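S.K.: I have a structure I would like to understand better, so I am pasting it below and will then ask my questions one at a time.
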Amino acid sequence: MDHSAHHTSTAHDHAAHQAHAGHAGHQRGGVTWGAAAKATLHCLTGCAIGEILGMVIGTALMWGNVQTMVLAITLAFVFGYSFTLFAVRKAGLDFKTAVKVALAADTVSIAVMELVDNGIIALVPGAMDAHLSDALFWTALLGGFVVAFVVTTPVNKWMIGRGKGHAVVHAYH
């Protein structure tokens, strides 16, 4: 059977797409540190909002450290995914496909970020018991975010370079 009729000049030109202005950092293998940092910052923003909100809610409800941390991590994932979900929905994806894209794009990044950030908070003496009004609470939390950003950026660079992580989202914008 002759399949040449299926391969016309109107087929998607991957080389032209990869060289598309403004997206050079997303191509497989040649990802820039800037593109990786931007993807990590996108993820960190959602994680930070969720985590801070979880800490505030848990503290306000006078929950223990474990319950508060579970809520904060859960909300970090929810907000982290939601940033990507809203972006790809705006690009026209149906909800089910958008959820799959968000999960594929952000799960590893959010998991690494949360592991590092919460590990820092757990390791800083007194940070787990600090109140929202204590400088120690905010210093440990923000310091954890900085360290998480530094650790997660190379992970995102590696993933994007292999067509994973934020590279999945790139196909929809």
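Readers should treat all values here as calculations from the given coordinates under stated rules, not as data from a laboratory. Here the structure is a predicted model, which is why all the values come from computation and not from measurement. Ideal geometry is used to build each Cβ from the backbone, glycine not excepted, and the neighbour counts take in all protein chains shown.
S.K.: Roughly speaking, what is the stretch gain from Leu41 to Leu142, that is 0.36 nm per residue apart minus the C-alpha to C-alpha distance, in nm to one decimal?
M.R.: Gain in length upon complete extension: 35.0 nm.
S.K.: If R₀ is 30 angstrom, what is the calculated FRET efficiency for the pair Asp94 and Leu53, using the beta carbon separation as r and rounding to 0.05?
M.R.: On the way: r = 28 Å, r/R0 = 0.93.
Step by step, r from the Cβ atoms, then E = 0.60.
S.K.: Find out how many positive minus negative residues lie around Ile120, taking Lys and Arg as positive, Asp and Glu as negative, among other residues whose Cβ is under 14 Å from that of Ile120.
M.R.: Details: positive: none; negative: Glu51, Glu114, Asp117.
Net local charge, Ile120 excluded: -3.
S.K.: Also, I was wondering about something else. Once you charge only the Cβ atoms, +1 for Lys and Arg and -1 for Asp and Glu, what is the size of the charge dipole of the stretch 68-122 about its Cα centre, to the nearest 20 debye? Write out the running numbers ahead of the final one.
M.R.: Numbers: 4 positive and 4 negative charges, 56 e Å.
Roughly 260 debye, rounded to the nearest 20.
S.K.: Can you give the net charge of the other residues whose Cβ lies under 14 Å from the Cβ of Ala104, counting K and R as +1 and D and E as -1? Please list the in-between numbers first.
M.R.: Details: positive: Lys96, Lys100, Arg162, Lys164; negative: Asp106.
Once positives and negatives cancel, what remains is +3.
S.K.: Compute the semi-axes of the equivalent ellipsoid of the stretch 79-140, taking the square root of 5 times each eigenvalue of the Cα gyration tensor, and list them largest first in whole Å.
M.R.: Values: eigenvalues 230, 31, 9 Å².
Equivalent ellipsoid semi-axes, largest first: 34, 13, 7 Å.
S.K.: If you wrap the stretch 24-173's Cα atoms in a convex hull and average its projection over all directions, what's the area in nm²? Write down the numbers at each step before the final one.
M.R.: On the way: hull surface 34.7 nm².
Average projection, Cα convex hull of the stretch 24-173: 8.7 nm².
S.K.: With a cut-off of 8 Å between alpha carbons and a minimum separation of six or more residues, what is the relative contact order of the stretch 68-129 in percent? Show your work: numbers first, answer last.
M.R.: On the way: 25 pairs, mean separation 19.9, N = 62.
That works out to 32 percent.
S.K.: If you don't mind, another one. Taking K and R as +1 and D and E as -1, what net charge do the other residues with C-beta under 13 Å from the C-beta of Gly46 add up to? Could you put the intermediate results ahead of the total?
M.R.: Working: positive: none; negative: Glu51, Asp106, Glu114, Asp117.
Charge balance near Gly46 sits at -4.
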